[in-house]
Structure formats: C-alpha cells, structure tokens
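Beneath this line is the structure, given in structure tokens, with notes to follow.
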There are 2 protein chains.
Amino acid sequence: MRTAFYISDGTAITSEVFGHATLSLFPVEFNHKTIPFVETEEKANEVKALINATAQREGEKPLVFFTFVNHNLSEIIRSSSAITYDFLTTFSDKIEQELKVAPVPKIHRTHSMHEKSYDFRIDAVNYALTNDDGANINNYAEADIILVGVSRSGKTPTSLYLALQYGIKAANYPITEEDLETGKLPACLVAYKQKLFGLTIDPVRLADIRQRRMANSKYASLKQCRIEVREVEMLYKKHKISYLNSTNHSVEEISAKIISDTNLERRKY
Amino acid sequence: MRTAFYISDGTAITSEVFGHATLSLFPVEFNHKTIPFVETEEKANEVKALINATAQREGEKPLVFFTFVNHNLSEIIRSSSAITYDFLTTFSDKIEQELKVAPVPKIHRTHSMHEKSYDFRIDAVNYALTNDDGANINNYAEADIILVGVSRSGKTPTSLYLALQYGIKAANYPITEEDLETGKLPACLVAYKQKLFGLTIDPVRLADIRQRRMANSKYASLKQCRIEVREVEMLYKKHKISYLNSTNHSVEEISAKIISDTNLERRKY
C-alpha cells in the first residue's frame with residue numbers, strides 16, 4: 001500500500017484535512033502518516049530520510065501533503081523522493097494577486113489560540129459538561145441551544161462538538177418515557193422552546209446502541225425503541241421543534257446542519 | 001470589510017479549513033460566511049444571488065472557497081460575481097496524473113461516518129466522560145492515555161478533543177495538594193505509569209482561570225498556583241512522566257503534540 005504523508009511545522013491538521021479531502025476522491029487505499037511540528041532543519045532532514053526510505057521500501061514515491069510557513073523547511077521536504085503537494089503556496093500566490101497585499105507568514109496561526117475565541121471555547125466545553133443529560137436545569141437562560149432527544153440518540157457527542165469546535169454553549173436534555181406519555185414538553189424546557197433542537201434516530205440503530213449499554217433490557221428492545229422514536233417525533237411536530245435524524249450522519253455533519261438550520265454564531269474564528 | 005465565503009455540498013469543513021489556512025497568511029480582516037449543504041441547483045442559485053448581492057453592496061468581489069462533488073453545482077457558484085478558489089479540482093487533476101486512476105466523486109465522503117472509525121469515536125467520548133477528573137479509577141486498563149495535572153491545567157478539554165477527533169480513550173486525573181505533599185504518584189496510577197502524560201501551565205494564567213471559577217479563594221491565589229505548578233513539575237521529572245506546558249497552546253496543538261510524543265494511534269481515518 002502506498003504511503004501518504006501529512007507534514008507541517010504546526011499541528012499538521014490543515015495538511016491532513018487538505019490531503020484526506022483530495023485523496024478521498026480516489027478509490028485507492030493509502031497508509032496515512034502524519035508528522036506535525038517539523039520546526040527545524042534537522043527535523044526536516046530526518047523526515048526527508050524517512051520519506052526516502054519509504055520510497056525505497058515501497059518501490060514508489062509517497063504522496064506528501066505539506067504546509068510550511070518556513071520556506072527553508074518546505075524546500076527540504078520538496079527535495080525528497082516524493083510527489084509533493086503544497087496547497088498554501090499554490091493558493092496564496094493567487095490570493096496575493098487579487099488582494100495586492102503580500103502574505104505575512106506567521107507560524108501556528110491556523111490552529112493556535114485565537115484570543116478572541118479561545119476562552120469562548122473552553123467556557124463552552126465547561127458549560128456542555130455541566131449541562132449534559134439534563135444534569136442542571138437552572139442554566140438554560142445561558143444556553144445557545146438545548147438539544148433534546150431520547151436516550152442514546154447522539155445528544156452528548158453533538159453538544160461537546162459544538163462547544164469544542166465552535167464555542168457554542170450547548171446543553172442537552174433527555175426526553176423520557178414519562179415525558180412522552182404526557183405528550184407535554186418537560187416543564188423546565190417550556191420557557192426555552194425557541195432554543196430547542198431535536199435529534200431522532202432509526203429505531204434499529206438505537207436498539208443496537210442501547211444493547212451495547214444494557215443488553216437484553218426492555219430499554220434496549222427494538223419494540224421500546226420504536227415506540228420512543230415514534231413518540232418523540234410526534235412531540236417535535238406538535239411543539240414545532242426543528243429536528244434531524246442522526247442515524248447516518250457524523251457528529252461533524254449533525255453539528256454543521258444544526259448551525260446552518262438555527263443560524264447559530266460560530267465563535268471559533 | 002471584504003467577505004470570504006466557504007461553500008460546499010457537504011459540511012463545508014474542508015472549505016473552511018482550506019480558506020482559513022490560506023487567508024490567515026494575509027494581514028487582512030475578512031467577514032467570514034460558511035454555507036454548508038448546498039445540494040441542489042435551486043440552493044446553488046440562491047447562494048449565487050447572495051454572493052452577487054454582497055459584491056454589489058461591498059463594491060468588491062467576495063473571495064469564495066468551495067468544494068463540490070457535483071460539477072453542475074460548482075459551475076453555478078463559479079459563474080457568480082466572485083473570485084473563486086476550487087482546491088479539490090486543482091489538486092485532484094495532479095493526483096489523477098500521478099495515480100493513473102480516475103477520481104470517483106462521492107458526496108459526504110470527507111466528514112461523514114467512516115464505519116471503521118465512527119464507533120471508536122463515540123466509545124472514546126463516552127470513555128472520556130466517565131473517566132473525567134478522576135471520576136472512575138477502575139477503568140485505566142482500557143485507557144489509551146491518562147492525562148494528569150493540577151486543577152484547571154487543561155486536562156478535560158484535551159481529553160474530550162482526543163476522543164472526539166481521534167477516537168483515543170483519554171482518561172484524566174487531577175493531582176491534588178495532598179498528592180504533591182507526599183511526592184508520590186497517586187496509588188491508582190502507579191500501575192499505569194507508562195500511560196501517564198502531564199500537563200503544566202504558567203501560574204499567572206492558572207490563577208486567572210481559577211479566579212473565574214472561585215474568586216478570592218486560596219485555591220485561586222497566585223501563591224498557591226505557583227506552589228502547585230512547581231511541585232507538579234517536580235513530580236513529573238521525578239517519575240519520568242512526559243509533560244508539556246499548555247499555556248500558549250490551543251487544544252488542537254496540545255493534542256497534536258501528545259499524539260506525536262506518545263505515538264498514539266489516530267483512529268479517525
């Protein structure tokens with residue numbers, strides 16, 4: 001299997017996203033190798049030696065996706081026995097022409113601490129943790145969004161992702177069988193109806209997830225899952241709560257859809 | 001302020017990372033606007049109208065970073081009154097030449113559910129939550145890593161990021177004043193010494209963070225923070241525990257450094 005390297009003098013997250021997005025277009029399997037924080041010529045030469053040894057061993061040149069702020073380091077990587085793709089330079093040249101402003105390279109700009117946004121993110125993570133799973137119903141005035149749904153429908157990972165990635169204060173609250181029987185919204189949520197966003201899930205997938213947690217229980221039975229999912233969707237419709245089905249979507253997709261549907265403000269950049 | 005758009009028929013996360021990384025090279029402020037899930041020609045034409053209205057209002061063409069799998073949709077965006085940057089096509093043409101394999105575009109490939117990795121990530125998030133802040137000391141055999149550090153040194157957000165982003169099971173355990181007085185590792189950690197990774201932090205920053213949590217307490221005093229930080233660093237050195245200083249680093253940087261230093265396996269791709 002051919003090797004793809006993702007290399008940077010920073011976290012290499014940009015190189016990874018760039019390389020994975022591009023390679024995912026091709027029906028070819030790769031051995032993925034990420035090397036962050038290549039900050040010195042010595043380290044760059046070590047990486048070059050590793051790339052060259054890989055080329056020799058595999059009999060074909062590795063694909064190397066890199067982003068370097070330091071030009072000398074990128075030249076070392078570029079001189080290795082590899083096919084190299086340098087997306088920053090490719091596009092920064094075009095953008096420079098358009099903006100008529102020269103780039104001012106600064107290391108660790110992309111995934112480092114942005115003063116304006118960083119405290120937001122940490123505060124949001126703390127908020128999501130203390131307001132997970134209905135643990136604290138007195139803080140909803142502060143919430144940007146309150147995710148609701150039956151147990152194990154994806155509320156917790158989504159809340160944490162919204163907080164960590166976008167600095168959004170996301171609480172989440174479980175809709176229980178008792179709530180569903182009354183057909184009413186839980187009392188603590190009524191005043192915050194405009195902040196609610198529902199998650200639903202395919203009952204077969206839900207039963208599968210619940211089985212892993214509590215095997216052979218009523219809670220995990222397909223019958224119970226079907227009832228809860230049907231009733232929670234009725235509840236969303238009755239109370240005009242926006243919702244989406246998490247079954248075939250990643251946390252990234254669910255979060256992007258929620259932000260897009262609710263016009264929540266991203267506080268990351 | 002000129003507007004930069006990030007547009008995609010998927011989450012637009014790739015467009016955002018690509019656009020932000022490139023624009024961050026220039027000392028210019030932009031108004032950032034992300035539009036995910038542009039999946040129909042109707043929606044693409046709406047977005048085009050929005051771009052054109054923005055160009056008219058601002059008196060200069062917006063910069064548009066886009067990634068589309070559907071070629072018809074990208075042509076609609078390309079025909080708007082904007083400077084467009086299409087990084088997927090730019091590089092996929094080059095990679096096609098190298099691989100001698102045609103791309104097979106498939107929507108939602110980049111940030112959607114990878115069957116192999118998705119359950120790993122959700123399991124890891126659940127693990128991080130139930131093993132946060134020393135809440136559960138009986139599960140450390142299962143941990144990929146156990147972060148240690150004094151209160152508020154960045155353990156929790158880092159554990160969650162490692163879990164959500166990379167599917168790494170990260171527990172975390174707080175080192176208390178009592179632990180520091182004995183100079184010994186907490187008993188529950190001794191058997192897992194090779195899984196420990198320490199965080200430290202500048203005492204002034206630590207005091208600032210603790211003040212927001214418990215103002216004017218001994219816990220938040222600069223004197224107390226200085227003592228705890230000095231002693232925890234001594235503890236790391238004494239027990240040969242790798243550690244890093246989180247003060248000026250984002251969660252992304254801390255996580256990338258930890259993975260790089262410990263050779264942990266990323267389970268995302």
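The values are calculated or read from the model by the stated rules, or taken from the named source; none is laboratory data. Just so it is clear, the model here is predicted, and its values are computed rather than measured. No Cβ is skipped: glycine too gets one built from the backbone with ideal geometry, and neighbour counts run over all protein chains shown. When the accessible area is computed, the model is the full protein with side chains, heavy atoms only, and any ligands, DNA or RNA have been set aside. Shrake-Rupley method; radii C 1.70, N 1.55, O 1.52, S 1.80 Å.
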For this session: Two decimals is fine: what is log10 I(q)/I(0) at q = 0.12, 0.17, 0.20, 0.21 Å⁻¹ for the range B:18-138, from a Debye sum with one equal scatterer on every Cα and no solvent?
Result: -0.67, -0.99, -1.17, -1.23
For this session: Convert each backbone phi in the range A:219-229 into a coupling constant with the Karplus relation 6.51 cos²θ - 1.76 cosθ + 1.60 (shift: θ = phi - 60°), then list the ³J(HN,Hα) values in order as whole Hz, x for Gly and Pro.
Result: 3, 9, 6, 4, 4, 4, 5, 4, 4, 4, 5
For this session: Quick one: of A:Lys48/A:Lys94; A:Lys61/B:Lys100; A:Lys195/B:Lys48; A:Lys48/B:Lys94; B:Lys193/B:Lys238; A:Lys43/B:Lys238, which pairs are farther than 18 Å apart, Cα to Cα?
Result: A:Lys48/A:Lys94; A:Lys195/B:Lys48; A:Lys48/B:Lys94; A:Lys43/B:Lys238
Seminar exercise, completed: Counting sequence-distant residues (5 or more places) and residues on other chains, those with an amide H built under 5 Å from that of A:Val64 are A:Phe5, A:Ile83, A:Thr84, A:Tyr85
Exercise. If you wrap the protein assembly as shown's Cα atoms in a convex hull and average its projection over all directions, what's the area in nm²?
Worked result: 27.0
Problem set entry | Anchor A:Lys257: aspartates and glutamates whose Cα lies under 20 Å away (excluding residues fewer than 8 positions away in-chain) | A:Asp144, A:Asp202, A:Glu233, A:Glu265, B:Asp9, B:Glu16, B:Glu39, B:Glu41, B:Glu42, B:Glu46
Exercise. Between the helical axis of A:251-262 and the dominant principal axis of chain A, each derived from Cα atoms, what acute angle in degrees is found, rounded to the nearest 10?
Worked result: 70
Exercise. Can you list, largest first and rounded to whole Å, the semi-axes you get for the range B:1-61 by taking the square root of 5 times each eigenvalue of its Cα gyration tensor?
Worked result: 20, 17, 6
Seminar exercise, completed: In square angstrom to the nearest 100, the accessible surface buried at the B/A interface, both sides summed with a 1.4 Å probe, amounts to 7100
Problem set entry | Spin-label model distance (nm) - B:Lys218 vs B:Thr89, 7 Å beyond Cα toward Cβ | 6.7
Seminar exercise, completed: For the rotation taking chain A to chain B, the chain A residue with the nearest C-beta to the axis, plus the distance in whole Å, reads A:Val17, 2
Problem set entry | Charge tally in the Cβ shell below 12 Å around B:Ala141, where Lys, Arg are +1 and Asp, Glu are -1, B:Ala141 excluded | 0
Seminar exercise, completed: Averaged over the residues of A:85-93, the number of partner chain Cβ atoms within 10 Å of each residue's own Cβ comes to 5
Seminar exercise, completed: Rounded to 0.05, the calculated FRET efficiency for the beta carbons of B:Glu41 and B:Glu265 at R₀ = 45 Å is 0.60
Exercise. Percentage of Cα-Cα pair distances in chain A greater than 22 Å, rounded to whole percent?
Worked result: 66
Exercise. Helix A:87-99: angle to the longest alpha-carbon principal axis of chain A, degrees 0 to 90, nearest 10?
Worked result: 90
Exercise. For the range A:115-262, what is the Kirkwood estimate of the hydrodynamic radius, computed as the reciprocal of the mean inverse distance between distinct Cα atoms, to one decimal in Å?
Worked result: 15.5
Problem set entry | C-alpha long axis of helix A:13-23 to longest principal axis of chain A, angle in ° | 90
For this session: Just tell me how shielded A:55-66 is by partners: mean number of partner chain Cβ atoms within 10 Å of each residue's Cβ, no decimals.
Result: 1
Exercise. In Å², what does the accessible area per residue of the range B:134-196 work out to with a 1.4 Å probe?
Worked result: 37
Exercise. Assuming R0 = 56 Å, what is the FRET efficiency of B:Ala102 and A:Ala102, from their Cβ-Cβ distance, to the nearest 0.05?
Worked result: 0.90
Seminar exercise, completed: Counting other chain Cβ atoms within 10 Å of each Cβ in B:240-252 and taking the mean gives 3
Exercise. In the range A:115-262, what percent of the accessible surface is made up of carbon and sulfur (1.4 Å probe, ligands and nucleic acids excluded)?
Worked result: 50
